[in-house]
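Heads up, the thing below is written out as structure tokens.
Readers should treat all values here as calculations from the given coordinates under stated rules, not as data from a laboratory. What you see is a predicted model; the values in this text were computed from it and never measured. Positions of Cβ are generated from backbone atoms using ideal geometry, with glycine treated the same way; all protein chains shown enter the neighbour counts.
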Amino acid sequence: MSTLVIDIRPARVSDARAIAEVHDEAWRYAYRGIIPGRELERMVERRGPVWWESAIQRGSRIVVLTAGEEIAGYASFGRNRAAMLAAKGEIYEIYVRPHFQGIGLGRKLFSACRADMATRGVGGLAVWALADNERACAFYRSMGGAASARGSESFGGTTLDKVAFVWP
């Protein structure tokens, strides 16, 4: 019997290719049938390794979750971008490879982001999710998030509703 070591650490430039792969797999899994196909492909293609290298080099707050030697998920977070929400922090993205979903790794990433922001004095947390992404909305509700605002986002010629979940 072997034990798989789970770890969360800041992303390194050398992680860019693996983060791009997680992004590709997780976005296709989460948004196929929600975001129009052509727009989804464009969004995935824009976030290749070079994009992630640049984000990491710019100092964006990105953490990776490793399962053994494999990067199984990532999250990016920082200051809240929506002044209307009563939260100083925001998780911009949190994604786990589909074959690692459902075993608590998303919870670990969420908690790590929240703890990091708390140590920096960033109180309160917001996360936006597309309203049609039922798995994401259920996840944030299970984590104690309260649906606090609604908005919309355009993907090509399609406008989709989104929901802001907030934690004190």
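General remarks:
- Arranged from fewest to most other beta-carbon atoms within 10 Å of their beta carbon, 14, 148 become 14, 148.
- Using θ = phi - 60° and Karplus 6.51 cos²θ - 1.76 cosθ + 1.60, couplings along segment 17-22 (whole Hz; Gly, Pro as x): 4, 5, 5, 4, 5, 4
- Cα gyration tensor, the chain - rounded (a/c under 1.5), prolate or oblate: rounded
- Taking amide H as placed 1.01 Å from N in the peptide plane, residue 93 has its amide H under 5 Å from the amide H of 76, each at least 5 places away in sequence or on another chain.
- Sequence-ordered 3J(HN,Hα) estimates for segment 48-60 from the Karplus curve with 6.51, -1.76 and 1.60 and θ = phi - 60° stand at x, x, 5, 4, 5, 4, 4, 4, 5, 5, 6, x, 4 Hz, glycine and proline given as x.
- Sites residue 39 and residue 14 - FRET efficiency at Förster radius 22 Å, r taken between beta-carbons, to 0.05: 0.15
- For segment 19-113, the Kirkwood hydrodynamic radius comes to 14.2 Å, computed from all pairs of different C-alpha atoms.
- Distance between modelled label sites at residue 32 and residue 150, nm, 7 Å Cα→Cβ extension: 2.9 nm
- Two-site FRET efficiency, residue 107 against residue 161, from Cβ-Cβ distance with R₀ of 25 Å, rounded to 0.05: 0.50
- Residue-span extension gain [residue 57 to residue 138] - 0.36 nm each, minus C-alpha spacing: 25.8 nm
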